[in-house]
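Some notes on the structure that comes next.
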């Protein structure tokens, strides 16, 4: 068995490579004249916006773009793999740089590797640097000591804030807060990888520019694979690229910091399932990532550089409230949080099913701002309609599960549940050195998050739930507010479980060879169910009724449940099956629950609901048609 | 991008029956036993060799170092440098554990499960051995707390917690991919996790206590290898093989009985 992911050597900027670590290698080139061209970086345009960036910064921008490109290029394995050994890849980069002496330093390399490994959950990153890289000046001012910061007086520089801007709700709220609370100018820094992202970011920039005339700058950096289609969607290195871009702009403005605005719950992103370890819940703005990037940038800068995270103690509901507070709620609908916009349809800008959409939807209900974050933005409605997509249901249920659980738990329980994950945060939390004080802060944050999620769901229930009707099965509200579950007869719960087993097994079992007759069908049903319910009796279980013995196909001892199977094919028409069922209904005792499994592979039954409904009205039973 | 990457189990004849029985597993007495056993059976070729993984060995080695920190042992190889003199917090111990595994791991997947299981062991042991049963404001030093693991029975309990937590996390690694999409209500979903945890705890109690075999083996192994000198990787691997094997046997036996 292989316990390690892909091993790939990566060659960038045509270095004179010798021995490569791994047999497989990839050349990354962003010069369009290069026959190996496969990456688009809008570096010249980006530099010309700020006139000049020094060699070390140019190296950093290229390096982060190369890392991002290789991340997108290298598949991390199937989601259906038994174990996710392919997730942790091994990269050996060979890059020709301008500032060789700096990059060759072991402490720089260690920080780079350490930060990327934690950020991505990859197995290893190794870098070999080569001297001799250079690029042409991008404009006539592109020379030493002529960046944009040199042209602004020092007093004005202090009134500039640099903010990575994705086009999502959190970074937009951060921009708003800075603009409203200070007289600062805000420089939005963006990574643009697709036309959709570009459109969202530019539309918001224009809106902000109209509202806060003369106070907004916008620095987009284009970076995406060309020629190749991305094989990997997780993009865990994107925050390295994003922060490198922001750091570059901060450098150009002679500033010693920039600020990332993301809510604390998303930043710490405590895993919701065991399989989501190793950065499968993203660590984009995790305190440890931010700390390590800060250290790396300080080395590059040659002095203390800070990355501020002002929203680290806020929940998503708090983010919505920023818009309300500053009377800018109308901006909410223009911000796009969805990570799977390709799955949105119609007028919706959001798929409505991904983690980000779920988080945003619940928070908008919690903050009573759904008139701005309205259903029309979402292609799918999860609260009151069945969530048919399995991934969407897992994301929604686990999001709610975690929130509900932390809301109930005391501090000790919170610590023991998340001890391993908390140990990755406590020494990196901004502005607090006492480990236990950090844990208490995180617990308070998660508690407030739990309260907000509970409130959001209550508000959604008020909006969608009609007390006169049952909640739609498999909708988020029916899953969460299952209080009415206790009203469901225990026998019917058992029936539902059996149906879910048979619905999955029977079609695949008879995919090639149909059952020869009803007895054969019953044998197979027995085999399927016996492994789940050892107390199932199928060989002529006799039920006494009116002093006579009647014989159901299957009986579940101690459960008051009988199972009858009908097989509709050729000579057995739906009407014959329904008259057989009618007979069964009268011959078994009233206190028994009966499950009728009707196997109809040729789709002879025209309307399943009509067929079942007529029978189910007559007594306590369930008719399930399976194909 | 995306804040989480969701996994799934393979939809083949090996896994489909397990996926299908997740919901029914909480409704019958032997449901959880059966699903734990079947899951482990599906990955037996991996679980059987898990004792050979460098990260798993490193995690357990760290716990041995904690348990034996009050003894003056002859050092062999390069054991983890665990200093309890400065009274490190549980979080500092967890950080040292992470760094130690990071330097020694082979598979990042097994390494991470082993790290989390060893961290669970650290916090559980500390909480249980602290007089106030809380990690906050504990009245005992790390040295006092870990000195309670420095005999056969203490070491056996530390080991039991580690193997239980490792196996629990390993089973959840598979089952949690599907569980939340299967249940129709949150309380059943929660019940599934708590039943699984209780079952594994019961199993490991049996493997390490009721069945005296592993307990005396663990205590004997401690007395033989840890009283005077730090065990070698080969010796640790040998112990892990027996302990994981015993646990696997117990999990399978539960289903049969």
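The listed residues are A:53, A:58, A:63, and the only one of them that is buried (at least 20 other Cβ atoms within 10 Å of the Cβ) and under 28 Å from residue A:278 (Cα atoms) turns out to be A:63. Answer with yes or no whether residue A:427 is assigned to a helix (DSSP H, G or I) and under 20 Å from residue B:120 (Cβ atoms). Spelling it out, it is not the case that residue A:427 is assigned to a helix (DSSP H, G or I) and under 20 Å from residue B:120 (Cβ atoms).
Here residue A:118 fulfils each of the conditions (1) closer than 26 Å to residue A:267 by Cβ; (2) in a helix (DSSP H, G or I); (3) touching a strand residue (DSSP E or B) at 6+ places or on another chain (Cβ under 6 Å) apart from (3). Restricting attention to segment A:457-479, the residues being within 14 Å of chain B (Cβ to nearest Cβ) and surrounded by fewer than 15 Cβ atoms within 10 Å (Cβ to Cβ) number 2. Scanning segment B:187-207 for residues that are closer than 21 Å to residue A:418 by Cβ and buried (at least 20 other Cβ atoms within 10 Å of the Cβ) returns B:189, B:192, B:196, B:200. Do we have any residue at all in segment A:76-84 that's at negative phi and more than 14 Å from chain B (Cβ to nearest Cβ)? The answer is no, given that none of the residues of segment A:76-84 is at negative phi and more than 14 Å from chain B (Cβ to nearest Cβ). Scan segment A:144-184 for residues that are part of a loop (DSSP other than H, G, I, E, B) and farther than 25 Å from residue A:309 by Cβ and jot them down. Listed by number, the residues that qualify are A:144, A:145, A:146, A:147, A:152, A:153. Within the set A:207, A:199, the sole residue that is free of Cβ contacts under 8 Å to residues at least 12 places away in the same chain, more than 16 Å from residue A:65 (Cβ to Cβ) and away from chain B (no Cβ under 14 Å) turns out to be A:199. For residue A:443, the conditions (1) crowded, with 19+ Cβ neighbours inside 10 Å; (2) farther than 17 Å from residue A:314 by Cα are fulfilled apart from (2). Here segment A:371-414 is the region considered, the condition is being closer than 24 Å to residue A:447 by Cβ and in a loop (DSSP other than H, G, I, E, B), and the residue that is farthest from the other protein chains (Cβ to nearest Cβ) is A:373. Could you check residue B:153 against (1) touching a residue at least 12 places away in the same chain (Cβ under 8 Å); (2) buried (at least 22 other Cβ atoms within 10 Å of the Cβ); (3) assigned to a helix (DSSP H, G or I) and say which number it fails? Answer for residue B:153: the failing condition is (2).
Out of A:429, A:418, report the one residue that is in contact (Cβ under 8 Å) with a residue 60 or more places away in the chain, touching a helix residue (DSSP H, G or I) at 6+ places or on another chain (Cβ under 6 Å) and farther than 19 Å from residue A:480 by Cβ. Being in contact (Cβ under 8 Å) with a residue 60 or more places away in the chain, touching a helix residue (DSSP H, G or I) at 6+ places or on another chain (Cβ under 6 Å) and farther than 19 Å from residue A:480 by Cβ holds for just one of A:429, A:418, which is A:429.
Scan segment A:213-228 and tell me whether some residue there is away from chain B (no Cβ under 14 Å), within 19 Å of residue A:319 (Cα to Cα) and out of contact with any strand residue (DSSP E or B) (no Cβ under 6 Å at 6 or more places or on another chain). For segment A:213-228, residues away from chain B (no Cβ under 14 Å), within 19 Å of residue A:319 (Cα to Cα) and out of contact with any strand residue (DSSP E or B) (no Cβ under 6 Å at 6 or more places or on another chain): absent. Residue-level check: of (1) without any contact (Cβ under 8 Å) to a residue 12 or more places away in the chain; (2) on the phi < 0 side of the Ramachandran plot; (3) away from chain B (no Cβ under 12 Å), residue A:446 misses just (1).
Taking (1) closer than 27 Å to residue A:305 by Cα; (2) within 14 Å of chain B (Cβ to nearest Cβ); (3) part of a loop (DSSP other than H, G, I, E, B) in turn, residue A:437 satisfies each apart from (3).
Remark: residue A:192 falls outside the filter, which requires a residue to be closer than 20 Å to residue A:58 by Cβ and at pLDDT 95 or above. Residues of segment A:439-470 that are modelled with pLDDT under 95, farther than 16 Å from residue A:362 by Cβ and in contact with a helix residue (DSSP H, G or I) (Cβ under 7 Å, 6 or more places away or on another chain): none at all. Of all the residues in segment A:275-307, those that are touching a strand residue (DSSP E or B) at 6+ places or on another chain (Cβ under 9 Å), under 23 Å from residue A:161 (Cβ atoms) and part of a helix (DSSP H, G or I) number 6.
Segment A:542-627 holds strands (runs of 3 or more DSSP E) entirely within its bounds, and those carrying 3 or more residues that are surrounded by 13 or more Cβ atoms within 10 Å (Cβ to Cβ) map to A:554-556, A:561-567, A:593-599, A:621-626.
Among the residues of segment A:341-368 satisfying the criterion of being part of a loop (DSSP other than H, G, I, E, B) and within 14 Å of another protein chain (Cβ to nearest Cβ), which is farthest from the chain's Cα centre (by Cα)? By that ranking, first place goes to A:351. The requirement of being out of contact with any strand residue (DSSP E or B) (no Cβ under 9 Å at 6 or more places or on another chain), within 14 Å of chain B (Cβ to nearest Cβ) and part of a loop (DSSP other than H, G, I, E, B) is fulfilled nowhere in segment A:93-104; no residue meets it.
The values are calculated or read from the model by the stated rules, or taken from the named source; none is laboratory data. Not measured: the values here are computed from a predicted model. Because the Cβ atoms are built from the backbone with ideal geometry, glycine has one as well, and the counts that use them run over all protein chains shown.
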